[in-house]
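What follows is a set of notes on a single structure, which appears directly below.
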Amino acid sequence: MAEVRLEHVSKHFDEVVAVSDFSLSIADKEFVVLVGPSGCGKTTALRMIAGLEDVTSGSLYIGDRPVTNVPAKDRNIAMVFQNYALYPHMTVYDNMAFSLEMHKTPKSEIKKRVQEAAEILGIQELLDRKPKQLSGGQRQRVAVGRAIVRKPEVFLFDEPLSNLDAKLRAQTRVELKKLHERIATTAVYVTHDQVEAMTMGDRIVVMKDGIIQQVGNPLELYRAPANKFVGGFLGSPTMNFFEAELSGAPDSLRLKTAGFTLNLPRSKASSIEHYPEKRVIVGIRPEDLRPAADTTANNTISLLIDVVEPIGSETYVFGAADDVALVAGVGRDSLVKAHQNVVLTPIMDNIHLFDIRDEKTLL
Ligand code: ATP
């Protein structure tokens, strides 16, 4: 059981800054997900925790132990890689037993731990098989089993589900979460997939260009993103963004675009009381943009539909309101068609406002 702490950790590869001033405390037994687009530095951050990459500056702790200069093998961590890295010539049992044998664990203890892990993962019948005789999902479980048997202080996962098909991914996501509850060990998990991050993390860390953008529990970040990047990264279809002009008196502020005008509720207006700019970036999630019950009321947007996407549980329409491209959830039973107009209204209390200068959330 261990807390993991990174203090002002940076990693430079010559002139490339892969991770910059990364500070984070991960609580004992917590499941933290590092998420961000390709190249944002999440794998490098994980590899530094693992000891597979030196830090350029900063300090790392596992429990109370400084580990910045401790080699990987002495950190008491176990890592599950994207490609699973199983030994092809060994059976599942031997793959799982290998690291314990290296540590000269007694044979009876190895047997007990492998069987325990196999039982947790439901792979008891596969112990005599070789990796090539397994499906992708089974290989993934063996890779996890190999990490479990070591009873590490910290689990590190590097995109462990990317080789699975969509259905198996969703299933394995749930399994890994249950597993984490059962073995109650600190876990750091890297993914570029925002759904994986949202569904698995006790907390998620959103990264961009080597820099932490925001840390928090998934719904907190979804509902209150710190900036436009986080707002756009979490959620699918992605949040709508458009620029609007602020007009009107402070107690009746409006957001104007060429095609529509929205009246800001007081709660939102107060957030921009001291904002000196005339223009602002507006963010509206597709699920917060719904068909208007009264098409002549305030705060309506007439959208000319380009594409209709029924996904079963919801139907999304993509289109434009004058020069503003928007996507909206119109309800799964909607019969709207491409090239029609639909009148929408945003849930105004849920809209987001970002500073036009630095794209930070206006509070
Ligand atoms: P992905 O999801 O594509 O794996 P990532 O977010 O995990 O991306 P990293 O692999 O951590 O990103 O890479 C961060 C940055 O550091 C990138 O610009 C990458 O090109 C660079 N980088 C990573 N490893 C090295 C290396 N060994 N030498 C030079 N540059 C590197």
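Bear in mind that the values in this text are calculations on the coordinates, not laboratory data. The model shown is predicted, which means the values in this text are computed figures rather than measured ones. Every residue, glycine among them, receives a Cβ derived from its backbone with ideal geometry; neighbour counts consider all protein chains shown.
Taking the chain as the reference, fit the longest principal axis to its C-alpha atoms, fit the long axis of helix 136-148 to the helix C-alpha atoms, and give the angle between the two in degrees, 0 to 90, nearest 10.
60
Points 7 angstrom from Cα along the Cβ direction at V70 and D306: gap in nanometres?
5.3
As an exercise, use a Förster radius of 25 Å and the Cβ-Cβ distance of S38 and D358 to find the FRET efficiency, rounded to the nearest 0.05.
The value I calculate is 0.60.
By its C-alpha gyration tensor, with a ≥ b ≥ c as the square roots of the eigenvalues, how is region 293-343 shaped: rounded for a/c under 1.5, else prolate for a/b larger than b/c, else oblate?
oblate
Determine the sum of side-chain charges near L344: Lys and Arg each +1, Asp and Glu each -1, restricted to other residues whose C-beta is under 11 angstrom from that of L344.
0
Straight-line reach from K11: which aspartates and glutamates have Cα under 19 Å away, leaving out those fewer than 8 places along the same chain?
K11 reaches D21, E53, D54, D158, D209.
How far, in nm, would the chain grow between D294 and L335 when pulled straight, counting 0.36 nm per residue and subtracting the alpha carbon separation?
13.0 nm
Modelling each spin label as a point 7 Å along the Cα-to-Cβ direction, I'd like the V195/E273 distance in nm, to one decimal.
Between V195 and E273, the simple spin-label model gives 4.2 nm.
Can you list the lysines whose alpha carbon sits under 26 Å from that of K167, skipping same-chain ones fewer than 8 residues off?
Straight-line reach from K167, under 26 Å: K42, K130, K132, K177, K178.
Pull up the cross-link candidates among the lysines for K73, meaning alpha carbon to alpha carbon under 20 Å and not fewer than 8 places away within one chain.
Within the straight-line limit of under 20 Å, K73 reaches these lysines: K104, K151.
Find which of V308, S236, G145 sits farthest along the positive direction of the dipole of the chain, computed with +1 on the beta-carbon of Lys and Arg, -1 on that of Asp and Glu, about the Cα centre.
Result: G145.
What is the spread of the Cα atoms of the chain along each of their three principal axes, largest first, in whole Å?
Reported extents, whole Å, longest axis first: 77, 46, 34.
T56 to A184: FRET efficiency via 1/(1 + (r/R0)^6), r the Cβ-Cβ distance, R0 56 Å, to the nearest 0.05?
Rounded to the nearest 0.05, the efficiency is 0.95.
Below 10 angstrom from the Cβ of Y84, what's the summed charge of the other residues (Lys, Arg +1; Asp, Glu -1)?
Combined, the nearby Lys, Arg, Asp and Glu give +3.
Pull out the extension gain between K130 and R266, defined as 0.36 nm times the separation in residues minus the alpha carbon to alpha carbon distance; nm, one decimal.
Additional length available on full extension: 42.5 nm.
Looking at region 1-99, which GluC sites (Glu not before Pro) are in a loop (DSSP not H, G, I, E or B) and have at most 15 other Cβ atoms within 10 Å?
Sites meeting the loop and neighbour criteria: E15.
Once fully extended, how much extra length lies between S108 and N163, figured as 0.36 nm per residue of separation less the alpha-carbon to alpha-carbon distance?
16.4 nm
Quick check: pseudo-label points 7 Å beyond the Cα along Cα→Cβ at V16 and E314, how many nm apart are they?
3.5
Quick check: convex hull over the Cα atoms of region 240-355, volume per residue in Å³, rounded to an integer?
96
Where the centre of each part is set by its Cα atoms, how far does region 220-279 sit from region 169-188, in angstrom?
So the two Cα centres are separated by 37 Å.
Below 11 angstrom from the Cβ of A184, what's the summed charge of the other residues (Lys, Arg +1; Asp, Glu -1)?
Neighbour charge sum, excluding A184 itself: -1.
I'd like the distance between the alpha-carbon centres of region 56-93 and region 316-363, rounded to an integer number of Å.
45
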